[in-house]
Amino acid sequence: MTDAFLSRRAILRAGGLGAALGTLGPFLPVTPDTATAADAPVDPVVDLAEIQGNVLAGFNKDHQRLLFLRFGDGAAARTWLAAIAEQVATSDEVLRFNRLFADARARRGGEQSVPTSQWVNVALTHEGLARLGVGNGELASFPDAFRQGMAARARRLGDVDDSAPARWVGPFASGRVDGLLLLAADDATTLDRLASGHAVALQHHGMTVVFDQAGDTRSDQPGHEHFGFRDGISQPGIRGVTTRQSPADPNQGLPGQDLVWPGEFVLGYPRQIAQPEPGEDVNHRPGPLARSGPAWTRNGSYLVFRRLRQDVPGFHAFVAASAAAQGISPDLMGATFVGRFPSGAPLESGGDDPANLTDQRINDFEFGDDPDGRRVPRAAHIRKVYPRDSRTRDGGESETQTHRLLRRGIPYGPSHVAGSTTADADRGLLFLCYQSSIERQFEFVQSRWVNDPDFPRRGDGHDPLVSTAPASRSFTLPGGRPDHISLMQRFVTATAGAYLFQPSLSALRQLAAGTTAAIAGPGRPAAGPPPPPPPPPPPRRR
């Protein structure tokens, strides 16, 4: 959950885009003639004007609305899509704005008179594509996870008991969701006007908003999620997009931020290769082009949405009790579970020191020199979701890089204040992430890393923050008293979820015109009913 999102307000307080995003750095196209080192691979040219803006740039707005849609008549929905396609923000536009915003804020020394913007993006479910008239052959060519949807794969994700789809809110429990209109603005009033205008247009085209979810940055702790930890720190860099700023390593953006080939997140570009050459620790060579579904999916990305309710008082009470049992402070105990202090300072660096919060140090660490987890337990949240250079049962750092995610989460609900009228309110994280393969990236991380007590090594325990594993859970603390901590409850509950596809600008226009089959290629088999979801894979043990 941590390392997922930083808001516009956080950008302001941090002194600019690069500072606020920490590991992301400023996004600028990197073409072959601007590579900074002779031994750096030639970066691909990424078509930023074709890729929707939240994918590679991130909206970075304090206020967002997620309007989940159900289509009526297919022709009317295509007419709406033709109109909305011209309003969709591109990665090129959002990246340029983010740079302009940071420059203006730095020059003017504050938030007054800085530029503002509002953004629109569109994503579609497999059912939504069918409602738009996409042919059976094209629909059948999409991967199983996208075709089946998140609810059908609940067992694989550990979504059982309180997290079971039957208990999900709104239409996600049993209804149909065809698409998502993602809106973002700098202030709530502007966002309300934007959403109201789109609601009128949707109604005019016979479409229904079946779930309206607001997300807002915490005003009391900008840039922090509801448990109190700073978010948005450990995002991957993207070759061809992220500027190199690490003098010691041409394969990094900021220090510690490995550059990943764009095909891990957007279709049609080179992917990572999991196996390095003999004698190499990390594989920086480009792999095959990322492909999935019909040919028109190029420059598109798969979007995973999860609504995660957070038990804030339960988590804080658990941290306090564990701290007392271990004889350490609650802040250190929380950092032990998360891998970072609430400020964002990495536990690996030794302490909650402001010096560790600079761009050059906040993410510049590895886990390989702490194989026993004495400094950062192997089940700590940030180590579970990204083990960096640690050796795992699946391989090493090269293999780990094939499971990265671009996360775009934002909190929802009021901050927890004990004794207030909103103390028991619904609050949590709207988790959104982009990838080129739902199975290899999001599902792998959730099922094979987060929920598996034997990852990275046998007996390490579960991710204490976001694991939804149904069995009794534990956390191994090397050198602790005791060294096995029972996790008697789950602090995060899944309350909704969906798998969607975010097409390119050209693909949106083709979908609106009903012309995708012309480029999809002949000979696709007719689509039958989706196959049943596979059982969750058994843990692989060393």
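General observations
- The charge dipole of segment 78-186, taken about its Cα centre with unit charges on the Cβ of Lys, Arg, Asp and Glu (plus for the first two, minus for the last two), comes to roughly 80 debye.
- Efficiency of FRET between Glu280 and Asp331 - r from beta-carbon atoms, R0 45 angstrom, step 0.05: 0.70
- Full extension of the segment from Asp103 to Val200, taken as 0.36 nm per residue of separation minus the current Cα-Cα distance, would add 31.3 nm.
- Label-point separation, Val45 to Ser113 (7 Å along Cα→Cβ), nm: 3.8
- Using a Förster distance of 22 Å, the FRET efficiency for Asp353-Ser219 (Cβ separation, nearest 0.05): 0.25
- Segment Asp426..Ala173, full-extension length gain: 89.3 nm, with 0.36 nm per residue of separation and the alpha-carbon distance subtracted.
- For segment 310-494, a simple Cβ point-charge model (Lys and Arg +1, Asp and Glu -1, everything else neutral) yields a dipole of about 280 debye relative to the Cα centre.
- Residue among Thr358, Phe211, Pro288 farthest towards the positive dipole end of the chain, charges placed on Cβ: Phe211
- Cα gyration tensor, the chain - rounded (a/c under 1.5), prolate or oblate: rounded
- Förster radius 51 Å - calculated FRET efficiency between Met488 and Glu86, Cβ distance, rounded to 0.05: 0.45
- Taking 7 Å steps out from each Cα toward its Cβ at Asp369 and Ala321 produces label points 3.8 nm apart.
- Inter-label distance, nm, simple model (7 Å from Cα along the C-beta direction), Ala418/Ala75: 6.3
- Phi angles of segment 279-287 translate, via the Karplus equation with coefficients 6.51, -1.76, 1.60 and θ = phi - 60°, into HN-Hα couplings of x, 9, 8, 10, 9, 9, 6, x, x Hz per residue; Gly and Pro are given as x.
- Computed helical MRE - 222 nm, the chain, DSSP H runs ≥ 4 contributing -39500 (n - 2.57), nearest 500: -6500 deg cm²/dmol
Where a number appears in this text, it was derived from the coordinates with a stated rule and is not lab data. Everything numeric in this text was worked out from a predicted model, so none of it was measured. Note that each Cβ is placed from the backbone with ideal geometry, even for glycine, and that neighbours are counted across all protein chains shown.
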